[in-house]
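The values are calculated or read from the model by the stated rules, or taken from the named source; none is laboratory data. Quick caveat: nothing in here was measured; it's all calculated off a predicted structure. Cβ: placed from backbone, ideal geometry, glycine included. Neighbour counts: every protein chain shown. Quick note on the areas: whole protein, heavy atoms, side chains included, nothing else; ligands and nucleic acids left out. Shrake-Rupley method; radii C 1.70, N 1.55, O 1.52, S 1.80 Å.
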Amino acid sequence: MHVVLLGTAAGGGFPQWNCWCPTCRAARLTPLRASRRSQSSAAVSVDGERWFLLNASPDVRDQLDCLPGPIPMGVRHAAVEGIVVTDAELDHTLGIVLLREARHLQLYATPAVRTILEQDSRILPVTQAFARVEVAELVLERPLPLRYRDGQPSGVTVRAFQVPAGPPRFARQDAAGHTVGLLLEDQNTGGKCAFIPGCGELDQELLDRLADTDLVLFDGTFWTDDELISLGIGDRRAREMDHQPVSGQDGTLSRLTRLSRPRKVYTHINNTNPMLLRARPSALQLNGPASRWEQTA
């Protein structure tokens, strides 16, 4: 199973268009200190040619140019076979409507996420005005084979599991399954990848689940709990926004470092997070010789 990180920034990208915090300022004025990043999304494939998106960001048009594969011989070509979403947040779903020219899309979503996309953000009916969208239901804790648009199995199964988080602020209901993590498994090799771009709490049950994977793509939104407050650009703590901070005795870095098997990569990194800057103590802590953590552009 091939995994490509298409974007690793949180909503707004990095640098964020209206932000001049220290990290965004450095990205603009001293770009050697910080790489620009598009909004969080990934893609998986078995054959390296046909891909399933994990969330569809507003930057999807440029991100698809990063996907490997042969040069198409025809006039039209869609390398995206389906989209698997972890929630209905705008930075994870606006790309769905931007892919409407495909004429035929497959969407994998929990019933709670589908309801929000249909009734609240209206992204699904807007897309369906231009393209045929087949929705496959993700039932919590039940593995589901990902299939190509012609109905053939891809060789990858996905299992959705609930993670602590609140629903999107525009959602009218707080139904179970509005925010999930994804466990993808290659049926041929047994390789497993966990994709969790948003998570409000990392408890022992989730740690035990991740211990059995080969690759973890995990929520790295904020470095500290009071990050936005200390910069004077927000009044809520990271945990109040359903993101457990990376640093600290109880942070995700100290907790996930205990896992010896999986390779770990932070994604969904907010533009204010100092680990985006090279040679900062936070970055050195992540990339030191004893650490298996990685930062990616």
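Kindly establish whether Glu205 is open to solvent by 10 Å² or more (accessible area, probe 1.4 Å), out of contact with any strand residue (DSSP E or B) (no Cβ under 7 Å at 6 or more places or on another chain) and acidic (Asp, Glu). Please lay out each step first, then the result.
On the way: open to solvent by 10 Å² or more (accessible area, probe 1.4 Å): yes; out of contact with any strand residue (DSSP E or B) (no Cβ under 7 Å at 6 or more places or on another chain): yes; acidic (Asp, Glu): yes.
Answer is yes for this residue.
Applying the criterion of being touching a residue at least 24 places away in the same chain (Cβ under 8 Å) and not in a strand (DSSP E or B) to the residues of segment 130-157, the residue that is most open to solvent (accessible area, probe 1.4 Å) is Phe130. Just name the residue that is nearest to Asp219 (Cα to Cα) out of those in segment 158-187 that are surrounded by 18 or more Cβ atoms within 10 Å (Cβ to Cβ) and acidic (Asp, Glu). It comes out as Glu185.
Count of segment 211-255 residues, restricted to those that are open to solvent by less than 30 Å² (accessible area, probe 1.4 Å) and under 27 Å from Gly191 (Cβ atoms), is 11.
Within segment 54-67, is even one residue surrounded by fewer than 14 Cβ atoms within 10 Å (Cβ to Cβ) and assigned to a strand (DSSP E or B)?
no
One residue is enough: does segment 206-226 have a residue meeting the conditions at positive phi and not hydrophobic (A, V, I, L, M, F, W, C)? Walk me through how you get there before you give the answer.
Just the residues of segment 206-226 that are at positive phi, to begin with: none.
Checking segment 206-226: not a single residue is at positive phi and not hydrophobic (A, V, I, L, M, F, W, C).
The set of residues in segment 58-95 being of a type in the set (Asp, Glu) and either under 27 Å from Arg122 (Cβ atoms) or in contact with a strand residue (DSSP E or B) (Cβ under 7 Å, 6 or more places away or on another chain) (or both) consists of Asp59, Asp62, Glu81, Asp87, Glu89, Asp91.
If I go through segment 226-240 residue by residue, how many of them are in a helix (DSSP H, G or I) and either aromatic (Phe, Trp, Tyr) or free of Cβ contacts under 8 Å to residues at least 24 places away in the same chain (or both)?
Kept after step one, since they are in a helix (DSSP H, G or I), are these residues of segment 226-240: 227-231, 239-240.
Next, only the ones that are either aromatic (Phe, Trp, Tyr) or free of Cβ contacts under 8 Å to residues at least 24 places away in the same chain (or both) stay: 229-230, 240.
Count: 3.
The residues of segment 94-111 that are open to solvent by less than 60 Å² (accessible area, probe 1.4 Å), out of contact with any helix residue (DSSP H, G or I) (no Cβ under 6 Å at 6 or more places or on another chain) and under 14 Å from Gly82 (Cα atoms), listed by number, are Leu99, Ala102, His104, Leu105, Gln106, Leu107, Tyr108, Ala109. Looking only at segment 248-278, residues that are among the charged types (D, E, K, R), in a loop (DSSP other than H, G, I, E, B) and within 28 Å of Cys19 (Cβ to Cβ) come to 2 in all.
Look at Leu67 and say whether it is of a type outside the set (Asp, Glu), more than 17 Å from the chain's Cα centre (by Cα) and at pLDDT below 95. The answer is no for Leu67.
Answer yes or no as to whether Leu259 is touching a residue at least 40 places away in the same chain (Cβ under 8 Å), open to solvent by 10 Å² or more (accessible area, probe 1.4 Å) and within 16 Å of the chain's Cα centre (by Cα). Judged against the criteria, Leu259 is not a match.
If the condition is being assigned to a strand (DSSP E or B) and in contact with a helix residue (DSSP H, G or I) (Cβ under 8 Å, 6 or more places away or on another chain), then segment 197-225 contributes Val216, Phe218, Asp219. When segment 37-52 is filtered for residues that are of a type in the set (A, V, I, L, M) and either open to solvent by less than 10 Å² (accessible area, probe 1.4 Å) or outside any loop (DSSP other than H, G, I, E, B) (or both), the ones remaining, listed by number, are Ala42, Ala43, Val44.
Would you mind stating whether Arg114 is within 18 Å of the chain's Cα centre (by Cα), crowded, with 16+ Cβ neighbours inside 10 Å, modelled with pLDDT of 95 or more and of a type outside the set (A, V, I, L, M)? Criteria met by Arg114.
Condition test on Glu89, is it among the acidic types (Asp, Glu) and within 26 Å of Pro274 (Cα to Cα)?
Values: among the acidic types (Asp, Glu): yes; within 26 Å of Pro274 (Cα to Cα): yes.
Yes, satisfied.
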